[in-house]
Amino acid sequence: MRSPVGPVGIITPWNTPFMLSTWKIAPALAAGCTVVHKPAEMAPLTAMLLAEVAKDAGIPDGVWNTVNGFGETAGRRLTEHPAIRAVALVGESATGSHIMRQSADTLKRLHFELGGKNPVIVFDDADFDRALDAVVFMLYSLNGQRCTSSSRLLIQNGIKAEFMAALEQRVINLRVGHPLDPDTEVGPVVSQEHFQKVMSYMDIAREDGASIAVGGKARSDLGAGNYICPTLFTDADNSMRVAREEIFGPVLTAMSFDSEKEAVELA
């Protein structure tokens, strides 16, 4: 016999806020739980609109609740409050660690979707053009600001020279611009603080010995906005921070391999 766990605190990020919020809220409601949703402070309006839609659809008052605020205050109140019996988070791994500690005293159930450094592996016998399209889309769409971005490229040495030359040209040709311009392929990152974080990895890459084949700088010619040139790091290895840490921006790190076994080990 299963029964609802009780009120669920749901904490969601600013990237793809509609999708990620509904993915967490809908299962909780379907299980018979009430929810308290704390969206990211940089994306409050989507959450408010969702709550209005829920009310218009007939969801009773008090079942779907939205609380705006910062993680250190509103978020912490959710994770520590004894009435909240479970917490679902989409966010950084460090945030997940904080929430685990904050929820420990009240023994909450936890469901986390955290950051990643996902690999895309291209073998010698890959369909060249389709693989090229996939690599570009899986990193540079949404400006690399999603946890499912494939921000590590593992390329087999037999195809490396030809593939990397084509990839570099594709990255160079990506159109950076205003997000409301239909021709834009890469827009600004979300905030000045995040811009500084992403840009710091340009220096980290150089210090670790990686090469910056494309990009590696800001686009100050576009006026106001946190614009970063689509960037491609090469000559990287798994010991480097740019190969291990989630950058969450339009930055791809490429490494090469010889055998399938080596590719699996790198991945």
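The values are calculated or read from the model by the stated rules, or taken from the named source; none is laboratory data. Values in this document were obtained by computation on a predicted structure and should not be read as measured data. Here Cβ is always computed from backbone atoms with ideal geometry, including for glycine, and neighbour counts include all displayed protein chains.
For the reader, a short list of remarks on this structure follows.
Matching residues to (1) among the acidic types (Asp, Glu); (2) closer than 30 Å to Gln156 by Cβ:
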residue	(1), (2)
Val36	no, no
Lys55	no, no
Leu78	no, no
Arg85	no, no
Asp105	yes, no
Lys117	no, yes
Phe123	no, yes
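For (1) in contact with a Cys (Cβ under 7 Å, 6 or more places away or on another chain); (2) over 16 Å from Asp235 (Cβ atoms); (3) hydrophobic (A, V, I, L, M, F, W, C), each residue gets a yes or a no:
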{"position": "Tyr140", "(1), (2), (3)": "no, yes, no"}
{"position": "Cys147", "(1), (2), (3)": "no, yes, yes"}
{"position": "Glu168", "(1), (2), (3)": "no, no, no"}
{"position": "Val176", "(1), (2), (3)": "yes, yes, yes"}
{"position": "Thr184", "(1), (2), (3)": "no, yes, no"}
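Here is a yes/no grid of residues against (1) in contact (Cβ under 8 Å) with a residue 60 or more places away in the chain; (2) surrounded by 14 or more Cβ atoms within 10 Å (Cβ to Cβ); (3) in contact with a Pro (Cβ under 7 Å, 6 or more places away or on another chain); (4) of a type in the set (S, T, N, Q):
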site: Arg85; (1), (2), (3), (4): yes, yes, yes, no
site: Gly91; (1), (2), (3), (4): yes, yes, yes, no
site: Asp125; (1), (2), (3), (4): no, no, no, no
site: Leu132; (1), (2), (3), (4): no, yes, no, no
site: Gln145; (1), (2), (3), (4): yes, yes, no, yes
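- Among the residues of segment 92-130, those identified as outside the structural domain of Thr148 (by TED's automatic domain parsing), at pLDDT 95 or above and of a type in the set (Gly, Ala, Ser) are Gly96, Ser97, Ser103, Ala104.
- Residue count, segment 147-163 (criterion: within 29 Å of Leu180 (Cβ to Cβ) and either among the charged types (D, E, K, R) or surrounded by fewer than 18 Cβ atoms within 10 Å (Cβ to Cβ) (or both)): 1
- Single condition Leu232 does not satisfy, out of (1) farther than 21 Å from Leu132 by Cα; (2) touching a residue at least 40 places away in the same chain (Cβ under 8 Å): (1)
- When segment 1-22 is limited to residues that are out of contact with any strand residue (DSSP E or B) (no Cβ under 7 Å at 6 or more places or on another chain) and without any contact (Cβ under 8 Å) to a residue 60 or more places away in the chain, the one that is surrounded by the most Cβ atoms within 10 Å (Cβ to Cβ) turns out to be Pro17.
- Number of the exception - Arg101 against (1) under 26 Å from the mean Cα position of the chain (by Cα); (2) surrounded by 15 or more Cβ atoms within 10 Å (Cβ to Cβ): (2)
- If you go through segment 230-243 and keep only what is in contact with a strand residue (DSSP E or B) (Cβ under 9 Å, 6 or more places away or on another chain) and either assigned by TED's automatic domain parsing to the domain that holds Thr95 or farther than 15 Å from Leu167 by Cβ (or both), you end up with Asp237, Asn238, Met240, Val242, Ala243.
- Scanning segment 171-213 for residues that are in contact with an Asp or Glu (Cβ under 9 Å, 6 or more places away or on another chain), among the aliphatic types (A, V, I, L, M) and within 16 Å of Glu245 (Cβ to Cβ) returns Ile204, Ala210.
- For segment 171-196, a residue qualifies if it is surrounded by fewer than 16 Cβ atoms within 10 Å (Cβ to Cβ), out of contact with any Lys or Arg (no Cβ under 8 Å at 6 or more places or on another chain) and free of Cβ contacts under 8 Å to residues at least 40 places away in the same chain, and the qualifying residues are Asn173, Arg175, Pro179, Leu180, Asp181, Pro182, Gln192, Glu193, Gln196.
- Count - residues of segment 3-55 that are on the phi > 0 side of the Ramachandran plot and not in a loop (DSSP other than H, G, I, E, B): 0
- Residue list for segment 152-188, restricted to those being out of contact with any strand residue (DSSP E or B) (no Cβ under 6 Å at 6 or more places or on another chain) and among the charged types (D, E, K, R): Glu162, Arg170, Arg175, Asp181, Asp183, Glu185
- Residue in segment 56-71 that is in a loop (DSSP other than H, G, I, E, B), without any contact (Cβ under 8 Å) to a residue 40 or more places away in the chain, among the small types (Gly, Ala, Ser) and within 29 Å of Glu246 (Cβ to Cβ) present: yes
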